[in-house]
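Scroll down for the structure; my scribbles are underneath it.
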Amino acid sequence: MAKIVFEEPDGTERAIDIANGQSIMEGAVRNGIVGIDADCGGACSCATCMVYVPEEWLGRLPAKDSTEQSMLEFCPHVQANSRLSCQIQVSDALDGLRLKVPQSQQ
Amino acid sequence: MADPLVIIGAGQAASQLMASLAQDGFAGEVCLVGDEPHLPYQRPPLSKKFLAGELALDRLYVKPAAFYEKAGSHLLLGRRAERIDRSGRSVLLADGSRLTYSTLVLATGSRPRELPLPGAFYLRNIADVDAIRPRLAPGKSLVVIGGGYIGLELAAVAVKLGVGVTVLEQAPRLMARGVGPVVSQFYARLHGEEGVVIHTGSVVCGLAGKRVVCEHAQYDADIVVVGAGAVPNVELAREAGLAVEDGIVVDAECRTDDASIYAIGDCTSQHHDLVGRRLRLESVHNALEQARIAAAAICGRKPPAVQVPWFWTDQFDVKMQMAGLSAGHDQAVVRGNPDTGRSFAVFYLREGTLIAVDAVNRAPEFMMSKQLIAERAKIDPARLGDEGVAMKDMRN
Ligand SMILES: Cc1cc2nc3c(=O)[nH]c(=O)nc-3n(C[C@H](O)[C@H](O)[C@H](O)COP(=O)(O)OP(=O)(O)OC[C@H]3O[C@@H](n4cnc5c(N)ncnc54)[C@H](O)[C@@H]3O)c2cc1C
Ligand code: FES
């Protein structure tokens with residue numbers, strides 16, 4: 001399990017516990033984190049589950065595959081530190097991760 | 001206290017509606033009525049990872065029970081709505097109880113089109129998967145009637161489980177309703193390479209025990225599953241005298257012709273600017289988008305901008321993402337080679353304007369096209385077909 005902190009679009013910070021094996025997106029949606037739309041439910045088909053990852057965490061996350069990479073390239077608010085949260089499985093190693101949610105997924 | 005907002009049908013549209021209502025600041029009571037024994041769940045995995053046994057049941061649920069039962073909300077599962085009484089603003093449930101509403105939302109979805117084939121299975125619900133999956137054992141034989149995306153996804157999962165799979169499609173090509181001929185041909189090749197036997201132009205006449213009888217051939221099967229499209233659940237609306245065409249007729253805000261009744265998701269028919277006519281869409285995106293629009297309308301907020309419709313299907317290692325609506329195209333442009341490998345895209349244009357794309361393992365083509373279709377962009381077909389021009393540079 002990992003405690004992950006989300007900064008929602010209006011600046012609100014919320015910490016939630018997500019079980020190992022679930023994706024970050026699943027944890028966020030179930031806990032009603034604002035701004036994670038996740039329209040395809042984790043199929044890496046919609047790119048509406050994007051989050052910004054702090055510099056120091058980027059290298060500690062499992063790597064992107066080519067689909068995630070190309071989906072991200074075309075996201076309207078993409079930054080170098082963007083990830084699709086449905087593509088990151090939670091493990092104990094992610095405890096303490098802080099993520100910022102974009103203003104909009106569109 | 002004011003009567004609650006009542007939602008009939010506890011699927012993905014209903015779940016998103018409740019989430020969006022909460023976000024839009026809806027203060028009233030909400031009552032969600034669904035006839036399945038489950039919390040709202042995602043159907044796409046039913047013919048993909050959940051069917052394959054790669055996704056646990058609890059991961060299908062969109063939200064935990066607590067989400068639907070917080071202050072002022074009630075969840076009535078396993079309960080069927082039988083009738084709407086518009087003058088009394090109430091809904092009669094099958095168990096005889098009655099719910100009065102201030103606002104009513106119909107989110108009844110669709111159901112499989114049934115064929116007169118006793119003993120055949122269908123794939124729509126968790127219960128259907130529970131019935132089908134134990135029969136997909138190695139060495140067994142499966143006949144899928146209907147080569148649409150659900151039938152083909154099922155075929156892909158089953159053949160990987162070691163089942164002998166035959167797909168019978170009456171049209172001359174696969175997924176004919178949704179994609180162009182180039183894409184149909186590709187899927188016929190893909191399934192062939194993976195060991196699925198496909199017969200197009202095969203009209204099924206009947207099912208005799210475990211034998212599927214076609215006009216010119218017969219196929220023995222341990223299990224027969226029909227995937228012949230869906231019909232919208234519009235009976236409640238029709239009996240209540242609401243306007244129904246191919247689906248429940250709704251305006252741009254998802255309101256029916258009764259101002260206190262909305263309809264969202266698979267059961268609706270709505271005008272789409274992209275094609276200039278009324279259309280019923282069966283997709284997760286449509287269900288979520290209409291839920292967001294209806295929530296905004298109910299809360300008196302500005303609705304979110306309408307997006308380009310899109311859809312996906314996963315078969316074997318191939319993800320196809322489709323955006324736009326290709327009906328009425330006058331030109332199709334292929335990018336990449338559909339005859340070898342598993343990655344290409346087909347763009348559909350009308351009078352030079354990009355209106356749709358089928359992107360096979362081509363995320364950039366899908367993502368960029370979604371933007372270009374929304375912009376009603378005119379794109380040089382030669383550039384679309386030229387792999388030397390990056391998708392990012394496709395805006396003329
Ligand atoms: C196997 C399968 C695979 C799919 N794959 C994809 C995909 O890859 N991508 C995609 O975009 N879409 C896919 N879809 C389509 C997508 O799942 C639907 O478009 C979506 O579920 C529609 O949501 P909905 O809420 O409108 O309807 P539903 O999810 O059908 O929910 C409606 C609910 O209302 C209930 N109901 C109906 N009448 C009553 C009543 N009178 N009283 C009480 N309850 C009632 C129904 O039983 C049902 O539970 C797939 C569908 C299936 C079946
Ligand atoms: S939820 Fe659709 S890409 Fe992540």
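The values are calculated or read from the model by the stated rules, or taken from the named source; none is laboratory data. This one's a predicted model, so the numbers in the text were calculated from it and none came from an experiment. When we count neighbours, we look across all protein chains shown, and the Cβ atoms used for this are built from the backbone with ideal geometry, even at glycine. Ligands, DNA and RNA are excluded from the accessible area calculation, which covers all protein heavy atoms including side chains. Shrake-Rupley method; radii C 1.70, N 1.55, O 1.52, S 1.80 Å.
The table that follows gives values for the structure above.
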quantity	calculated
A:R98 versus A:D10: modelled label distance in nm, points set 7 Å from Cα along the beta carbon direction	2.1
Average accessible area per residue (Å²) across the protein assembly as shown - probe 1.4 Å, nucleic acids and ligands excluded	41
For A:41-53, mean number of other protein chain Cβ atoms within 10 Å	5
Accessible area of the protein assembly as shown belonging to carbon and sulfur atoms, whole % at 1.4 Å probe	50
For segment B:1-40 and segment B:300-368, distance of Cα centres in Å	32
Shape call, the protein assembly as shown: gyration tensor on alpha carbons, a/c limit 1.5	rounded
Overall form of chain B per C-alpha gyration tensor (a/c, 1.5; a/b vs b/c)	oblate
Computed over segment B:175-299: relative contact order in percent, which uses C-alpha pairs under 8 Å that are six or more apart	13
Relative contact order of chain A, pairs being alpha-carbon contacts under 8 Å that are 6 or more residues apart, as %	42
Per-residue mean of C-beta atoms belonging to partner chains within 10 Å, peptide A:58-69	1
Residues of segment B:56-98 buried by at least 10 Å² on assembly (accessible area, 1.4 Å probe, chain alone as reference)	B:D58, B:R59, B:Y61, B:V62, B:K63, B:P64
Heavy-atom accessible surface that A and B bury in contact, both chains counted, 1.4 Å, Å² to 100	2000
Paramagnetic label zone (point 7 Å from Cα along Cα-to-C-beta, B:R80; backbone N under 17 Å) in segment B:124-161	B:124-128
Segment B:1-82: GluC sites (Glu not before Pro) in DSSP coil with no more than 15 other Cβ atoms inside 10 Å	B:E54, B:E69
Label-point gap, in nm, between B:S141 and A:Q106 - each point 7 angstrom along Cα→Cβ	5.1
Sequence-distant aspartates and glutamates (8 or more away, or on other chains) whose Cα lies within less than 13 Å of B:K70	B:E29
Aspartates and glutamates with Cα under 16 Å of B:K302, excluding same-chain neighbours fewer than 8 positions away	B:D24, B:D251, B:E253, B:E289
Gain in span if fully extended, B:E194 to B:Q331, counting 0.36 nm per residue against the direct Cα distance	46.2 nm
Cut-off 16 Å (backbone N to label point 7 Å along Cα→Cβ of B:E245), residues of segment B:270-306	B:270-282
Prolate/oblate/rounded label for segment A:2-100 (Cα gyration tensor, a/c 1.5)	rounded
Per-peptide average of other Cβ atoms within 10 Å, ordering B:346-354, B:72-80 highest first	B:346-354, B:72-80
Under 28 Å from B:K49, Cα to Cα: lysines that are on another chain or at least 8 residues apart	A:K3, A:K64, B:K63, B:K140, B:K160, B:K210, B:K319, B:K370
At R0 = 51 Å, FRET efficiency that the Cβ-Cβ distance of B:E351 and B:A259 yields, to 0.05	0.85
